[in-house]
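Undergrad: Just dropping this structure here.
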Amino acid sequence: MDITVEFDVEKMVGQLDELQKVRIPRAGSFALNQAVYTATQELKTQSQSIFNNPVPFTVNSFLYKKSSPQSLEATVFIRDQAPKGNAPAKYLLPQIKGGPHYPTRFQGALLNTVVRNATGRNVQVGQRGRIMFPNLRSPKTRTNKYGNMSPGQYTQILSALRGNISSADIYGVRDKGEAPVNDQSLSKYIYLDEESIYEPYFRNRFTNSPKPGIYFVNRLTSGTKYYRVMTESRIPAYTGKFDFRGIAEQAARQKFTEAFRDLIFR
């Protein structure tokens, strides 16, 4: 996702003297660079008002490529790489053009995570057509200063689910006839699907409404409680609310006109 701002000096060259032929491209390049810088600053400002408490990585993902007197073209774009996370150009696209939610790396990793449910059946944690969202109201969901689930908790959840500990272990269906596994030996996070949440063992143990999702297991002397820290939902679709192109073009055009006029006619 990018926009390109160009300045066509060729149309003017025939009417200029030799000094102007040197001065105009330099002025044009300077004005273009001022324009794309201003556009990125406006995008940052607008993103902070349109999105709810965006993280700095998102706000600072609006970048630009400068022009030169020899190449009078400058570009505003969104960062499309994130070695340790999710690329803003990808997860912002549904907010710009509309469309289905872009799955995060964590949500994508759940598609390759399989556990056994309370009936002993193997189930995929990341269901096709479904997605996991943090339950930010849960007292067992750890959030950062931006109101998002902490990266450390995402890591703990994925590690626990991939450690082959599931609702089947707690319910004692790994081998029929054997006693349930000792709760103290289990991981803190389990996935409960539609079948599991209505098993008698779990039915009265929830601290919030029973829904498919990822639960934090809290072992108390009064009994084991389950806190839903992530909820399984249908993949939402968004309408575009962030006019990336419109914001950038308006800011760039205005700044270019001002900067070029000041350089040429001052």
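Undergrad: Net charge near THR119: determine it from the other residues with C-beta under 10 Å of the C-beta of THR119, scoring Lys and Arg +1 and Asp and Glu -1.
TA: Details: positive: ARG116, ARG121; negative: ASP193, GLU195, GLU199.
Result for the neighbourhood of THR119: -1.
Undergrad: Using 0.36 nm times the number of residues separating THR45 and THR104, minus their current alpha carbon distance, what extension gain do you get?
TA: 18.8 nm
Undergrad: Place a point 7 Å from the Cα of LEU136 along the Cα-to-Cβ direction; which residues of segment 31-68 have their backbone N under 13 Å from it?
TA: 51-55
Undergrad: Continuing with this model, one more query. Please list, ordered by chain and number, the residues whose modelled amide H lies under 5 Å from the amide H of SER68; skip anything fewer than 5 residues away on the same chain.
TA: Under 5 Å from the amide H of SER68: GLU73.
Undergrad: Could you give the nm distance between label points at SER71 and THR119, where each point is 7 Å from its Cα heading toward the beta carbon?
TA: 6.1
Undergrad: Counting Lys +1, Arg +1, Asp -1, Glu -1, what net charge surrounds THR231 among other residues with beta carbon under 15 Å of its beta carbon?
TA: +3
Undergrad: Another one. Which of the pairs LYS140/LYS241; LYS65/LYS145; LYS66/LYS241; LYS90/LYS241; LYS44/LYS90; LYS145/LYS241 have their Cα atoms more than 20 Å apart in this structure?
TA: Distance filter (> 20 Å) returns LYS140/LYS241; LYS65/LYS145; LYS66/LYS241; LYS145/LYS241.
Undergrad: Using the Karplus curve 6.51 cos²θ - 1.76 cosθ + 1.60 with θ = phi - 60°, what ³J(HN,Hα) values do you get for each residue of segment 241-253, in whole Hz, with x for Gly and Pro?
TA: These are the phi-based 3J(HN,Hα) values: 10, 10, 7, 3, 5, x, 5, 5, 5, 4, 5, 5, 4 Hz.
Undergrad: Can you give the FRET efficiency for THR224 and GLU194, using 1/(1 + (r/R0)^6), R0 = 30 Å, r = Cβ-Cβ distance, to the nearest 0.05? Write out the running numbers ahead of the final one.
TA: Values: r = 21 Å, r/R0 = 0.68.
About 0.90, to the nearest 0.05.
Values quoted throughout were computed directly from the atomic coordinates according to the rules given, and no laboratory measurement underlies them. Everything numeric in this text was worked out from a predicted model, so none of it was measured. Glycine gets a Cβ as well: all are built from the backbone with ideal geometry, and neighbour counts include every protein chain shown.
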